[in-house]
2 protein chains.
Amino acid sequence: MERLLASALGEEPADTVFTGVTLFNPLDCSWEETSFAVTDGLVVGTGDYRGRETRDLRGARVVPGLIDGHVHIESSLLVPSEFARAVLPRGTTTVIADPHEIANVAGTRGIEYFLEEGSRSPLDILFMLPSCVPATPDDPGGATLSATDLASFAGRRGVLGLGEMMNVPGVLSGDREVRDKLALFPLRDGHAPGLSGMPLNAYILSGLQSDHECTSLAEAEEKLRKGMFIMIREGSTERNLRDLVPLVSPRTAGRCCFATDDRHADLLATDGHIDDCIRKAVTLGLDSDLAIRMATLSPCERFGLGDRGVIAPGRIADFCVLEKGAEFRVKATWKRGKPAGNIPYRKTEVLRTPFSCRIPDAGTLRIGGSGEARVIGLVPGQITTREMRFPVDGRDVPDTGRDILKVVACDRYGRGNVGVGLVHGFGLGAGAIASSVSHDAHNVIAAGASNDAIIMAIRGVVAAGGGMAVASGKGITLLTLECAGLMSSEPFEKVARSLAALGEEVVSLGGIPGAFMHLSFLALPVIPELRITPRGLFGVTARRPVGLFVEKP
Amino acid sequence: MERLLASALGEEPADTVFTGVTLFNPLDCSWEETSFAVTDGLVVGTGDYRGRETRDLRGARVVPGLIDGHVHIESSLLVPSEFARAVLPRGTTTVIADPHEIANVAGTRGIEYFLEEGSRSPLDILFMLPSCVPATPDDPGGATLSATDLASFAGRRGVLGLGEMMNVPGVLSGDREVRDKLALFPLRDGHAPGLSGMPLNAYILSGLQSDHECTSLAEAEEKLRKGMFIMIREGSTERNLRDLVPLVSPRTAGRCCFATDDRHADLLATDGHIDDCIRKAVTLGLDSDLAIRMATLSPCERFGLGDRGVIAPGRIADFCVLEKGAEFRVKATWKRGKPAGNIPYRKTEVLRTPFSCRIPDAGTLRIGGSGEARVIGLVPGQITTREMRFPVDGRDVPDTGRDILKVVACDRYGRGNVGVGLVHGFGLGAGAIASSVSHDAHNVIAAGASNDAIIMAIRGVVAAGGGMAVASGKGITLLTLECAGLMSSEPFEKVARSLAALGEEVVSLGGIPGAFMHLSFLALPVIPELRITPRGLFGVTARRPVGLFVEKP
């Protein structure tokens, strides 16, 4: 503290002085030509300072480091330190992460891994703890987290509060376990897609303070006006910016931020992260100063992070130098006063989890009988599905002529269950795809045009201890996700290329773009209408297992 | 919680439903015609609810309850429960109080009294603990509060953090005791009049987060832009609204609030409280919606009070119904869903503190010798003083012809000290005034046109165990402040009348308006230039005691 005080008072030279800065201040959304001084990673002050080192930024625009208000790092398919390598060059210096996926696979051990592995990177990864593991008792994964389990993380460095409470019925019914979890932390993120009116009032009254699931302006306006902090999401599949940008005005910008929620490595590598949200928002008509405020100070206000979000005395010296020109392009990122945009790749420890998955044989995949069958219908670009009906003879499926493929879910936690169903919409003329990324239990899921290809794809995923595979006549294309079957520890550039290659392989087989995204949600029994789990088909609307063939009345 | 949930869900009728409301929402500064429901003192929701009781407000404007961001209740001369009676009808439902004065007199016992006595009222009195007792070692009062003393209040209901840190030199020098106090609480209010540039950077870096001492727009802009939350003060004597209103815009309204700091009972009774700040701000050109936001949601954001500030689900049902017409006039105040604008007066316990003050006699007041004398010069409307010089013969003062009165400070904590000096500017042609409100040590201070009148006035104050007195040929006019010599437990209306009467009495003797205000600051040895304490004259600029007569070179 003595050093910092002496630095701030100008009695001692600062570590580094950045001069020639056109600095954005989100506190009043102003730009100022100034200098600022950094000592021990903290801003000691703006104005004329002496420093042991001086960096002349020659008039470049500087903004505080960008912040993602809600992200599942696992969805990038990268381990935390590698996710950091992907987003730091984009200007992101802090993310609020919910380790929901790793916790579904590995419970508290998974959270511990994230806390530890994430701390290897200069990126500040702060945590909202996963509140709903498993997402539903209808689809158990590798762990169950009780309020007591979560309580053990209270006070841990980097742990901020309770993550997205998606058990809306549990909240509204006053469920004891849900209430115990809500009571653990003063900071609680909500997750209430489409909730409105009295149920929304009851949900907010129960202590949920934010939402990142708004898909319409009216929904976001209602939630904001009822007190929720709104995180405008722009992920790989869930894209809400276009609809929600009109929510933001000078009067509301302090109550909104950006979130990516789920963004794959390829999108991070090509389009970017929060920088991409800012560019898109501006293209959609948002005032760019307000967009930068949303990406910097607003999430700090939401999460009580008084130590960052502005280049001001005592705050962490996280900032981005922008490229010339009007567009928001990050040229260089500085974290705690050090360059952080070009961190070398370093192999990391991965979390090995038991991968105990029975590989189905042709007999297991056999569908006996015939009649009117329930078929999961993909909805392009959405994670919802439709329940379709087709007349089917079990011996004639997969039926690529009608685009009716088999879809298979295999328990990977040693229970040995395999569920078999039918899916329409993938378009595969041959081959199969399989993945161990399968929300939220992350069993192995596969879909394909033949039993052999399905088995080959699943075998590939299991042999790798997790991954995404395409099986075809040419053999198998694989992205190994050796970290808990969810993430790769390879360099993000390589993972992005592998992902792209997988996608191209699928398309070459006649499949749709984004097939793995669709596949990864087919097992999630909380999103309508029809899902497949290792226990078989599940009717979401009725909240019960259903048969493949419609029962005759 | 079951009741609240059932109420919010509309499954059970709410306690009260307020219909026909034109409701202000500070979250987006909008007005909406709606209804809202209250159960167990909390808003359960807006919209169409059923209630056991329905109140039709017939279109009246409703705003959330008003909040004072920083106030010394003692300065009203009212005990907390009576202060509450004065401000509740004005729409104030929460105040952030710093019990600095009572703590200077009675230490932790004084704070305990405030916590206890304040809880008798429906007004929510939340506390920032006094960080600087005594204000300076040069002027010891009745207590010294160490970091350990303050720590004993951590976690107490209603205690939010550390109050105005006025020991700026201590902060900037890294004083150990100051640092220990700063480390006690995450919430810390600043107090840094005129501080700027590098010293301001160092002060903010040390952890001070707000300021209510800005007197110029440039000062407020610098502090806001460096991260401080700005409380715009409009008290009885310190009035900064006119200069600071231009600071507030839609982009900054979330970083500013109102504060009254020191407001006497008479101003509360005549002009009002935060409602008065809103009216004045609007008259000065501030958008009225922004003014209401500053008076409601903004201080909640500053102090992390997520439980109020908006009429929204789960928040405390504190609100004001406004009079018809464009002006901001509170017609009725509701606290936790109950009418709170018309609370009956109830006699309360007062804090009796030892009042051990030696009453000076003519000998004590005698000024021996002659020469060029240092005279405290009042500055009209300011609490600063000038050091003036007059040729004086001790036998000829007080000298009403030149408006040179005697000023006397008597220790009231049993030390027996009496300091005697001269003052210019009161204008009294006869008589004397005395008071036990004398910042910050609150000894007894008096000024007068004759020794006899001074002694009579002091005797009156001491006999009452504290108060404000005017002694004249007609006898003595007294406002008794029996609670620690600072406050009255009488009804605020009566105190306001007594104050007004004292002022008129002073004017009838030829004195200036606001004489007691000036008197109450003459002993404060941290404000330039010349002061009187029980130890004698004190030169503030040189920070040392000085003689009455200028030493011959």
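A few notes on this one:
- Exposed loop sites here mean GluC sites (Glu not before Pro) with a DSSP loop assignment and at most 14 other beta-carbon atoms within 10 Å; chain B contains its longest site-free run at B:12-322.
- Separation between Cα centres of the stretch A:329-374 and the stretch A:90-140, rounded to whole Å: 14
- Applying the criteria of a DSSP loop state and at most 13 other Cβ atoms within 10 Å to the trypsin sites (Lys or Arg not before Pro) of the stretch B:40-93 yields B:50, B:58.
- Extension gain (nm, one decimal) between residue B:307 and residue B:239, 0.36 nm per residue minus Cα-Cα: 21.5 nm
- Here is how the number arises for chain B: DSSP H runs of 4 or more residues each give -39500 (n - 2.57), the sum is divided by the residue count, and the result at 222 nm is -7000 deg cm²/dmol.
- Diffusion of the stretch B:481-532 by Stokes-Einstein, at 37 °C in a medium of 0.692 mPa s and with Rh set to the Kirkwood radius over alpha-carbon pairs, works out to 258 µm²/s.
- Dimensionless Rg ratio for chain B, taking C-alpha atoms and the 2.2 N^0.38 Å reference: 1.01
- Label positions at residue B:389 and residue A:544, each projected 7 Å from the Cα along the C-beta direction, are separated by 10.1 nm.
- Just so you know, the Cα atoms of the stretch B:451-552 work out to an Rg and Dmax of 15.7, 54 Å.
- Using distinct alpha-carbon pairs, which all enter the 1/r mean, Kirkwood radius of the stretch B:205-300 in Å: 13.2
- Ranking by accessible area, most exposed first, for A:338, B:181 with a 1.4 Å probe: A:338, B:181
- Taking all protein chains together and a 1.4 Å probe, the residues B:526, B:63 rank B:526, B:63 from largest to smallest accessible area.
- Between the stretch B:1-80 and the stretch A:418-467, the Cα center-to-center distance that results, in Å: 54
- Around the Cα centre of chain A, unit charges on the Cβ atoms of Lys, Arg, Asp and Glu (plus for the first two, minus for the last two) sum to a dipole of about 540 debye.
- Average beta-carbon neighbours from other chains, 10 Å sphere, peptide A:23-32: 3
- Applying both filters, DSSP loop and at most 14 other Cβ atoms within 10 Å, to the trypsin sites (Lys or Arg not before Pro) of the stretch B:326-389 gives B:346, B:347, B:352, B:366.
- In this view, the solvent-accessible surface of residue A:54, computed with a 1.4 Å probe and all protein chains in place, comes to about 90 Å².
- Projecting the Cα atoms of B:23, B:47, B:9 onto the charge dipole of the stretch B:1-92 (Cβ charges, centred on the Cα centre) puts B:23 farthest toward the positive pole.
- In the A-B interface, the accessible area buried, summed over both sides, Å² (probe 1.4 Å): 4000
- For the stretch B:1-60, a Kirkwood radius taken over Cα pairs fed into Stokes-Einstein (4 °C, viscosity 1.567 mPa s) yields D = 112 µm²/s.
- About its Cα centre, the protein assembly as shown has a charge dipole of approximately 540 debye under the convention of +1 per Lys or Arg Cβ and -1 per Asp or Glu Cβ, with nothing else charged.
- Innermost chain A residue relative to the axis carrying A onto B, by Cβ distance in angstrom: A:250, 2
- Across the stretch B:389-399, rounded Karplus estimates of 3J(HN,Hα) from the backbone phi angles (6.51 cos²θ - 1.76 cosθ + 1.60, θ = phi - 60°) give 10, 9, x, 9, 9, x, 6, 9, 10, x, 10 Hz, Gly and Pro being marked x.
- Every Cα-Cα pair of the stretch B:359-493 was included, and the share exceeding 27 Å stands at 18 percent.
- Over 21 Å (Cα to Cα) - which of B:280/B:331; A:223/B:335; B:347/B:494 fall in this group: A:223/B:335
- Span per principal axis, largest first, for the Cα atoms of the stretch B:281-397 (Å): 73, 42, 31
- Only protein heavy atoms count here; on that basis, with a 1.4 Å probe, residue A:390 has an accessible area of about 40 Å².
- Label-point distances for residue B:550 to the equivalent site in the other copies, using a point 7 angstrom along Cα→C-beta, read 10.7 nm when ranked shortest first.
- Highest to lowest packing among A:146-156, B:408-418, scored as the average C-beta count within 10 Å: B:408-418, A:146-156
- At 0.692 mPa s and 37 °C, Stokes diffusion of the protein assembly as shown via Kirkwood alpha-carbon radius, µm² per second: 101
- Taking the convex hull of the alpha carbon positions in the stretch B:136-244 and averaging its projected area over all directions gives 7.8 nm².
- Taking every residue in B:199-211 and counting other chain Cβ atoms within 10 Å of its Cβ, the average works out to 6.
- Every Cα-Cα pair of the stretch A:14-139 was included, and the share exceeding 24 Å stands at 45 percent.
- Of all lysines in the structure, the ones whose alpha carbon falls short of 25 Å from that of residue B:406, not counting any fewer than 8 places away in one chain, are B:474, B:552.
- Equivalent ellipsoid, the stretch B:80-143 (semi-axes from 5 times Cα gyration tensor eigenvalues, Å): 25, 11, 9
- Alpha carbon centroid spacing (whole Å) that separates the stretch B:472-528 from the stretch A:218-255: 54
- Among the residues of B:8-16, the average count of other protein chain beta-carbon atoms within 10 Å of the residue beta-carbon is 3.
The values are calculated or read from the model by the stated rules, or taken from the named source; none is laboratory data. Small disclaimer: the values here were computed from a predicted structure and weren't measured. Note that each Cβ is placed from the backbone with ideal geometry, even for glycine, and that neighbours are counted across all protein chains shown. Ligands, DNA and RNA are stripped out before the accessible areas are found, and what is left, the full protein with its side chains, is counted by its heavy atoms. Shrake-Rupley method; radii C 1.70, N 1.55, O 1.52, S 1.80 Å.
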